[in-house]
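Colleague: Please see the structure below; I have some questions.
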Amino acid sequence: MRNYWLVLLLFLLAHCRSNPVNRDNILTTPTLDTVSFVKMEEHSPVPIQKTLDYDTLQWLDIADLDASILMDLKYATTDNFVKSQMYECGRCFLRPEVAQAIVKIHQDLKSKGYGLKMFDCYRPRPVQWALWEKVPDARYVADPRKGSMHNRGSAVDLTIVDADGNELDMGTHFDFFGKEAYHDYTNLSKTVLDNRKLLKSTMEAFGFRAIRTEWWHYSYQSKSYELSDMVWNCNNK
């Protein structure tokens, strides 16, 4: 029995000498978890989560849904009919169903080589009062005592752009107060009439309705909303 253990011990010592351990491999060979992490870092970066500063059950910011929709929010500038900046910063908020419909319209137009440009979206009621003081005419500015669809987050002012971002010719500029902006005014070129028809038919196909006096204004019809005084955050905008 003693001889057996002696033979076994000699065998083990001989095996270790013929198969030395490579300590460099032990220190440098990555584990499976490390390899997975490196591959994830190189090929599948973790998306950065954006912290939203609004109640997504009540509102959606179009820019967060589809950044390819162009923004030219006139009341955040002095390029408007009152020649005054009405919004501290430009953000296009709409009620969730309305915002999602706008994105669908934009995607539909993109499939045809076009897209949307937004002029105005949700409008807080204090701004509605300021506009009414400038133009107290219900044909162009809703009476703030009863509010507008803009004040509910269910109306948009917008136009169509081509693939390069150029506005299609609609016959007048945005917020033009005259008969030339009316939908039933037809003393316009065929190009303008076709462009207006494209905008109107597309908006109507997704649940929006025009008003007679403004080719750019559309209201969502599938759901009603309360008036709102919500004012959006302008930090870091």
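The values are calculated or read from the model by the stated rules, or taken from the named source; none is laboratory data. All of these numbers come straight from a predicted model, not from anything done at the bench. In this analysis, Cβ positions are derived from the backbone assuming ideal geometry, glycine residues included, and neighbour counts consider all displayed protein chains.
Colleague: Here are some residues: ASN235, ASN187. Which one is of a type in the set (S, T, N, Q) and touching a residue at least 40 places away in the same chain (Cβ under 8 Å)?
Modeller: ASN235
Colleague: Determine which single condition GLY90 fails, assuming it passes every other condition in (1) part of a loop (DSSP other than H, G, I, E, B); (2) surrounded by fewer than 20 Cβ atoms within 10 Å (Cβ to Cβ); (3) of a type outside the set (D, E, K, R); (4) within 18 Å of the chain's Cα centre (by Cα).
Modeller: It is condition (2) that GLY90 fails.
Colleague: Could you please find all residues in segment 185-220 being surrounded by fewer than 17 Cβ atoms within 10 Å (Cβ to Cβ), part of a loop (DSSP other than H, G, I, E, B) and either β-branched (Val, Ile, Thr) or at pLDDT below 95 (or both)?
Modeller: THR186, ARG212
Colleague: Let me ask you something else. Quick one: PHE176 ticks every box in (1) over 26 Å from GLY113 (Cα atoms); (2) free of Cβ contacts under 8 Å to residues at least 12 places away in the same chain; (3) outside any loop (DSSP other than H, G, I, E, B) except a single one, so which number is it?
Modeller: (3)
Colleague: Taking segment 119-172 only, how many residues are outside any loop (DSSP other than H, G, I, E, B), free of Cβ contacts under 8 Å to residues at least 60 places away in the same chain, in contact with a Phe, Trp or Tyr (Cβ under 9 Å, 6 or more places away or on another chain) and of a type in the set (A, V, I, L, M)?
Modeller: 3
Colleague: Sort through ASP184, ASP162, ASP194 and tell me the only one that's over 30 Å from ASP55 (Cβ atoms) and touching a strand residue (DSSP E or B) at 6+ places or on another chain (Cβ under 8 Å).
Modeller: Details: ASP184 fails: touching a strand residue (DSSP E or B) at 6+ places or on another chain (Cβ under 8 Å); ASP194 fails: touching a strand residue (DSSP E or B) at 6+ places or on another chain (Cβ under 8 Å).
Matching residue, one of ASP184, ASP162, ASP194: ASP162.
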